[in-house]
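Each remark here refers to the structure printed beneath this line.
Here, each number is a calculation from the coordinates, and none is a lab measurement. Here the structure is a predicted model, which is why all the values come from computation and not from measurement. Note that we place each Cβ from the backbone using ideal geometry, even for glycine, and neighbour counts take in every protein chain shown.
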Amino acid sequence: MELGRPASDNSAIALGSLGADSFVATQERKADHLRVCLEEDVQSHRITNGLERYRFTHCCLPELDRKDIDISTVFLGKRVATPLLISSMTGGTEQARQINQRLAKTAQKFGLAMGVGSQRVAVENPDLTHTFSVRKYAPNALLFANLGAVQLNYDYGVSQCQKAVDALEANALILHLNPLQEAVQTEGDVNFKGLFAKIEQLVKVLPVPIVAKEVGNGISAAMAQRLMDIGVAAVDVAGAGGTSWARVESERATDAKQRRLGNTFADWGIPTAECVVQIREQSATVPLIASGGLRHGLHAAKAIALGADLAGLALPFLQAASQSEAALDEVCEALIAEMITVLFCTGCANLSALRQPGILQAVK
């Protein structure tokens, strides 16, 4: 299927060229991903997000009333109350539906942005679309649809991308870039050839912005520039230092070679902080999301001080969402309090002030 040529019959695509067994395997994989991330140690062991290399300069007399601190921002033309993104995680199963609904309610309540997990499973089986469709729970949130960029080489085009956006009533589409994960995945899709041209075509015809996102191995400054050059509207670095998807796929692998491959590359990638610094040095204006190993509000504040516009977290939200809405409320309240405390104790009234020289220092 050529990019830009809509499918004449989407059900035929789902059950024909993609295969009747394909969406079953994809759904099972999504359930595996949730289980492994919640139950196994799949965090990076020998590489960090790099944020420990920076320290805020404490201000003993901030000349601020804490309640006046403003952490709102604008991303892709939409104002959000907090600069936090619930990073893309899941969908396609009953457990994932409940998690996504809880996350969406939280995004609405606290003014967070939110992405869903890869919607491929719903493209292949439209009966699972409801596990992603969260707009009614978050009518005012900045929402990101999500598909793997590599699927543009596997029968996906404008029609499938538009369906993903429509299902979520999304403000933008994330195309995730995950060559290492696909290489380790026993059933991975590894033909990444020619994707720059296909993404460039998609940018021209899709009516919402496209965000390029890694999944935990980072985006270099050079690669970010190439993506911006073809019209990608924003970059989510999703750097190394958090959940290792090579390790996740190693846990799922059914053969020794793939398990070994995942373990060998479990700590592969560019640390999140390094990605943000290098990309921001190259471009002062590209909308930039920092994710990858962020676990609390101090991490988020450091990422924003380094130049990110939004800070994305996944695991803390996933762990809370798997418990209850009350647990999610507690996590959000803590994250926001941590961020506001950083601004208060650095004498910064807003996020712009947090990015000024001298506020965050590299540790020597």
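Using Cα positions and a limit of under 14 Å, work out the aspartates and glutamates in reach of Lys364, with same-chain residues fewer than 8 apart set aside.
Partners within reach: Glu52.
Tell me, what HN-Hα J-couplings in whole Hz come from the Karplus equation 6.51 cos²θ - 1.76 cosθ + 1.60 at θ = phi - 60° for each residue of region 147-160, using x for Gly and Pro?
Listing the rounded values in order: 9, x, 4, 4, 5, 5, 9, 10, 6, 9, x, 4, 4, 5 Hz.
With θ set to phi - 60° and the Karplus curve 6.51 cos²θ - 1.76 cosθ + 1.60, what are the ³J(HN,Hα) couplings of region 308-317 in order, to the nearest whole Hz, using x for Gly and Pro?
Values per residue, Gly and Pro as x: 6, 8, 10, 10, x, 10, 10, 4, x, 6 Hz.
Going by amide H atoms built from the backbone, whose H comes under 5 Å of the H on Ser244, apart from near neighbours?
Gln43, Ser44
Under unit Cβ charges (Lys, Arg +1; Asp, Glu -1), what dipole magnitude, rounded to 20 debye, does region 169-264 have relative to its Cα centre?
Roughly 220 debye, rounded to the nearest 20.
From the backbone phi of region 224-241, what are the Karplus-calculated ³J(HN,Hα) couplings (6.51 cos²θ - 1.76 cosθ + 1.60, θ = phi - 60°) in whole Hz, Gly and Pro given as x?
The phi angles translate into 4, 5, 4, 5, 5, 5, 9, x, 4, 7, 7, 10, 10, 5, 6, x, 6, x Hz.
Once amide H atoms are placed 1.01 Å from N in the peptide plane, what residues at a sequence separation of 5 or more from Met89, or on another chain, have their amide H within under 5 Å of its amide H?
Correct list: Gly117.
With the dipole of the chain worked out from charges on the C-beta (+1 for Lys and Arg, -1 for Asp and Glu) around the Cα centre, which of Ala212, Pro179, Ala273 lies farthest toward the positive end?
Ala273
State the Cα centre-to-centre distance between region 96-162 and region 339-364 in whole Å.
Taking the Cα centre of region 339-364 as reference, the centre of region 96-162 is 33 Å away.
Near the amide H of Gln361, under 5 Å away, which other amide H atoms are found, from residues 5 or more places off or on another chain, if H is placed in the peptide plane?
Arg55, Phe56, Thr57
Can you pick out the pairs among Lys163/Lys204; Lys193/Lys257; Lys136/Lys198; Lys163/Lys198; Lys78/Lys213; Lys67/Lys136 whose Cα atoms lie more than 22 Å from each other?
Lys193/Lys257; Lys136/Lys198; Lys67/Lys136
Summing -39500 (n - 2.57) over the DSSP H runs of n ≥ 4 in the chain and dividing by its residue number, what mean residue ellipticity at 222 nm do you reach, to the nearest 500 deg cm²/dmol?
Numbers: 14 runs with 148 residues, N = 364.
It lands at -12000 deg cm²/dmol.
Scattering from the C-alpha atoms of the chain alone, worked out with Debye: what is log10 I(q)/I(0) at q = 0.07, 0.12, 0.14 1/Å?
After summing over all Cα pairs, the log10 values are -0.28, -0.84, -1.17.
Dipole magnitude of region 10-362 about its Cα centre, charges +1 at Lys/Arg Cβ and -1 at Asp/Glu Cβ only, in debye to the nearest 20?
Once rounded to the nearest 20, the dipole reads 400 debye.
Among Leu84, Ala305, Ile340, flag the residue with its Cα farthest along the positive direction of the charge dipole of region 10-362, charges on Cβ as +1 for Lys/Arg and -1 for Asp/Glu.
Ala305
May I ask for the distance between the Cα centers of region 203-222 and region 287-322, given as a whole number of Å?
Between the Cα centre of region 203-222 and that of region 287-322, the gap is 17 Å.
Which one of Phe132, Asn350, Val150 has its Cα pushed farthest toward the positive end of the charge dipole of the chain, where Lys and Arg give +1 and Asp and Glu give -1 at the Cβ?
Asn350
Extension gain Gln225-Asp127, at 0.36 nm per residue separation less the Cα-Cα distance, in nm?
Stretched out fully, the Gln225 to Asp127 stretch lengthens by 31.5 nm.
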